[in-house]
Amino acid sequence: MSLCRGWDAAGHIVGASWNRSPGEALRWGDREIPRHTAIDPQSAGASAICLAVADDALPRVAHMLARAPWPSPSPLVFHLAGSVSLDALEPLARRGAITGSLHPLRSFPEAILRGGVLDGHLCAVTSDSEDGRRRLQRLARDVGGRPVDLDDGDRAAWHLAGVAGSNFLVAMMDFAEQQMARAGMDVETARAGLTLLAEGALRAVREVGPAKALTGPVARGDRSTLERHRRCLADHPRSSEVYEALVAYMTARLGESSGD
Ligand SMILES: NC(=O)c1ccc[n+]([C@@H]2O[C@H](COP(=O)([O-])OP(=O)(O)OC[C@H]3O[C@@H](n4cnc5c(N)ncnc54)[C@H](OP(=O)(O)O)[C@@H]3O)[C@@H](O)[C@H]2O)c1
């Protein structure tokens, strides 16, 4: 939806939206986008079709679309999933579609959906054809994205990087807030302080890279501090497991980078 809004603003004609469940037409400004429950690209005159469904639903939706009427013998059909191979679109390729994917390295949390602009975020582009790749690069640029080519076989590593850089960070902030609550801090104070702290850490990573940005007890080798943390987590086995895994990871990575 955010991307459609961006493409609409960039002058692309967003002709229709197909949804499993019936719902209101999509509206932005004075534009109204019809919403249908049956896939019918022909009636929408679509030259490009974006499959913005849950990753696991892609093969099923591709099969349905492969049986639908098409406006031309070879429309561009692409999905938005970071880790799903173009193999999921194979029934469409077999029928003559140009297939591809466009994966924005940006999270769109439902709670704060605003605009459709990618604002310089990387956007991985994969296609089974040069024409498809160029069209997807343009679609990425038109919503402010920075397209990068991604081989279909490298998708899992690309997506894992995105999950670590976004979802894991969010999980870490939750972990940190839990400890702040245990230290008697209210959520508002804790969140303000921790996000400021995290922003500083991210700035340092951007400027000097993770190895030099790392401060704290692992970087200093302060074992007694690590022991105090461990005692503090003694009754929290899940958090303790996460803590030990991260300390082990940081220790090993520091060892590797000092040998460079
Ligand atoms: N959200 C992000 O931050 C983000 C970032 C980059 C890429 N993506 C990719 O964008 C795609 C969409 O993600 P999203 O976060 O927008 O997901 P979402 O909000 O959960 O929406 C998923 C849509 O898929 C539909 N769907 C689920 N199962 C289906 C099925 N079996 N058959 C037909 N439709 C089905 C749902 O339809 P109903 O409404 O009828 O249930 C819903 O409209 C995914 O491939 C995801 O990997 C998401």
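Read the figures in this text as sums done on the coordinates, not as results from a lab. Quantities reported herein were computed from a predicted structural model and do not represent experimental measurements. Glycine also receives a Cβ, built like all others from the backbone with ideal geometry; neighbour counts cover every protein chain displayed.
Summary of values
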| item | result |
| --- | --- |
| Segment Ala156-His121, length gained on full extension (0.36 nm per residue, minus Cα span) | 10.7 nm |
| Cut-off under 5 Å, modelled amide H: who pairs with Cys123 long-range | Leu105, Arg146, Val148 |
| Value of Rg to Rh for region 1-114 (Rh from inverse mean 1/r over Cα pairs, i.e. Kirkwood) | 0.94 |
| Charge context of Leu122, other residues only, Cβ under 10 angstrom, K/R +1, D/E -1 | +2 |
| Kirkwood Rh and Cα Rg combined as Rg/Rh, the chain | 1.06 |
| Cα-based radius of gyration of region 158-258 once divided by 2.2 N^0.38 Å, which approximates compact folds | 1.13 |
| Cut-off under 5 Å, modelled amide H: who pairs with Ile49 long-range | Leu76, Val77, Phe78 |
| Stokes-Einstein D in µm²/s, Kirkwood radius over Cα pairs - region 114-185 at 20 °C with 1.002 mPa s viscosity | 147 µm²/s |
| Whole-Hz ³J(HN,Hα) from phi, Karplus 6.51 cos²θ - 1.76 cosθ + 1.60, for region 3-10, glycine and proline x | 5, 4, 4, x, 5, 4, 5, 7 |
| Ile13 versus Ala198: modelled label distance in nm, points set 7 Å from Cα along the beta carbon direction | 4.3 nm |
| Over the chain, relative contact order from alpha-carbon pairs under 8 Å, at least 6 apart, % | 12 percent |
| Difference of contour (0.36 nm per residue) and Cα-Cα distance, Cys232 to Gln42 | 62.2 nm |
| Spin-label model distance (nm) - Asp128 vs Thr215, 7 Å beyond Cα toward Cβ | 5.2 nm |
| Net dipole in debye of the chain [+1 Lys, Arg Cβ; -1 Asp, Glu Cβ; about Cα centre; nearest 20] | 200 debye |
| Overall dimensions of region 47-202 as given by Cα atoms, namely Rg and Dmax in Å | 19.1, 64 |
| In region 41-101, the trypsin sites (Lys or Arg not before Pro) that fall in loop regions by DSSP, at most 11 other Cβ within 10 Å | Arg67 |
| Helix-only CD estimate at 222 nm, as mean residue ellipticity for the chain, using -39500 (n - 2.57) per DSSP H run (n ≥ 4) | -14000 deg cm²/dmol |
